[in-house]
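The values are calculated or read from the model by the stated rules, or taken from the named source; none is laboratory data. Predicted model only: the values in this text are computed from it and were never measured. For neighbour counting, all protein chains shown are included, and Cβ atoms are generated from backbone atoms with ideal geometry for every residue, glycine included. These area figures cover heavy atoms from the full protein model, side chains too; ligands, DNA and RNA do not enter into them. Shrake-Rupley method; radii C 1.70, N 1.55, O 1.52, S 1.80 Å.
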Amino acid sequence: MTKHGEGDSTFESRKFTDWATVKEALIGERIDAVFILAPMAMQLRIDGVGVKVVYLGHRDGTAIVVGKDSDIRDFADLEGKRCAIPSRYANQNLLMHKMMKEWGMAPDSIDLIELPPPEHPTALENGSIDAYIVGEPFAALSELNGTGRVLYQTKDIWEDFISCVLVVREDVIDDDREIVQELVDGIAKSGKWLDDGLQNRMEAAEIAAANYYFQDPELLRYVLSKPVDRVKYTQLAPLKDDFDEIMELGYEIGVLPKRIAFEEYVDDSFVKPLSEIDWNMEHLAGADVEAAKLAVEAIRKEAGESQ
Amino acid sequence: MKRSILISAMLWLLLISASHLYLNVGWDNFRESVHQILGKKRDKMIVGFLPVT
């Protein structure tokens, strides 16, 4: 649970493991908002669920990874190979099809397999796949383990790549705009803080490792710094051109059953210039960094003791 | 005798209602609903995430 902001608002994060449960939770009003894949948000709206995309989670932060000693040197070398994708609704799936089209390859020339992201590095290592495309930190994991090599960072093949978007229930938007605005402002400000400097990114790695993902802080530090623009946390406004492109690609490859207008599933009225956001950055930036470091130490100690 | 039956029935009703609220509605949802009925500003948001990218 994360309590922040100048007011008394509380934002509680809740982890889900599958798409169907997220949909049920939104329909059953057990959650107010969720970070999900962009094509999933479109599908939700097509299915008649009253939600809108209000902001992005990040840009870039995805890579195509191949084995360290693999002879795959460019995208054409992936022809006939097995490549893992996180979900058919993932923008990563759309990117693979976009690339196949751009490289003049048939849509079925790469064997795309749906696999949960945490399993991608292991599958690559044991040879059951030849490559994978996934969001961080699972791309960096193979690099750090010395088993994988990044073939492409998405920032180099689809500029300002969108993966996760923030979706909010429409009734919450209608009834409680203030708290939605507070959430969006918080994401915007913390994103700016992250992109402001390496030191901030290192602090964020400690906080996230201890409080949210229980990942190795070293892995998160690597993701946030090698290179520093591997994942971007600014320019998070949902833009029509970006979403139209995703919608078109999704429809073209049959992931989405029909096209819907941008205005039907996006509400960009919460996007404000950073200078206009009245939000106490110090509250977040300094938030529990020391406590997070202590928590990381405790986790390490516990892990050490249990071995 | 009648009084003890009445008290027992009320306690039972209270227990069943509390269990229903806890198991089927959830304290948070109940609290939010009461807030909405009273016209108070929402002070909590539950934000899910699906770590599949």
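Based on protein heavy atoms only, the protein assembly as shown ends up with 50 Å² per residue of surface accessible to a 1.4 Å probe. Cross-link reach is defined here as a Cα-Cα straight distance under 12 Å, omitting same-chain residues fewer than 8 places apart; for residue B:44 the aspartates and glutamates meeting it are A:8, A:12, A:32, A:176, A:178, A:182, B:28, B:32.
The label-point distance for residue B:23 and residue A:150, in a model that sets each label 7 Å from Cα toward Cβ, rounds to 5.1 nm. Here is the list for the range A:1-81: GluC sites (Glu not before Pro) lying in DSSP coil, each with at most 12 other C-beta atoms within 10 angstrom of its C-beta, are A:6. Write down the percent of antiparallel bridges among all DSSP beta bridges whose residues are both part of the range A:48-191, to the nearest 5. Beta bridges within the range A:48-191, antiparallel portion: roughly 75 percent.
Considering only A:96, A:224, A:41, the residue lying farthest towards the positive end of the dipole of chain A is A:96, judged by Cα position with unit charges set on Cβ. Diffusion of the range A:62-157 by Stokes-Einstein, at 10 °C in a medium of 1.306 mPa s and with Rh set to the Kirkwood radius over alpha-carbon pairs, works out to 124 µm²/s.
In whole percents, the pair-distance distribution calculated for chain B from its alpha-carbon pairs, binned every 5 Å from zero, is 4, 16, 14, 14, 14, 12, 11, 7, 4, 2, 1, 1, 0. Loop-located chymotrypsin sites (Phe, Trp or Tyr not before Pro) in the range A:158-261 (DSSP state other than H, G, I, E, B) with a sparse environment of at most 14 neighbouring Cβ atoms within 10 Å: A:214. Spatially, the range A:168-188 and the range A:58-80 are offset by 38 Å when compared through their Cα centroids. Report, to the nearest whole %, how much of the accessible area of chain A belongs to carbon and sulfur atoms, 1.4 Å probe, protein only. With neighbouring chains kept in place, the figure for chain A is 47 percent. Based on the Stokes-Einstein relation at 20 °C and a viscosity of 1.002 mPa s, and on the Kirkwood radius from alpha carbon pairs, the range A:82-229 is assigned a translational diffusion coefficient of 123 µm²/s.
Remark: the protein assembly as shown carries a charge dipole of roughly 1120 debye about the Cα centre, counting +1 on each Lys and Arg Cβ and -1 on each Asp and Glu Cβ. Computed from the C-beta positions of residue A:271 and residue B:38, the FRET efficiency with R₀ = 51 Å rounds to 0.95. Using just its DSSP H runs of length 4 or more, each adding -39500 (n - 2.57), the protein assembly as shown gives a mean residue ellipticity at 222 nm of -13500 deg cm²/dmol after division by all residues. Here are some pairs, A:52/A:232; A:192/A:272; A:189/B:40; A:52/A:155; A:192/A:226; which of them have Cα atoms lying more than 24 Å apart in this structure? Violating the 24 Å limit, Cα to Cα: A:189/B:40; A:52/A:155. Volume per residue of the convex hull around the Cα atoms, evaluated for chain A, comes out as 139 Å³.
Under the combined filter of DSSP loop state and at most 12 neighbouring Cβ atoms within 10 Å, the range A:42-119 retains these trypsin sites (Lys or Arg not before Pro): A:73. For chain B, the dipole from Cβ point charges (+1 on Lys and Arg, -1 on Asp and Glu) about the Cα centre works out to 240 debye, to the nearest 20. When B and A come together, around 2400 square angstrom of accessible surface is lost from both chains combined, probe 1.4 Å.
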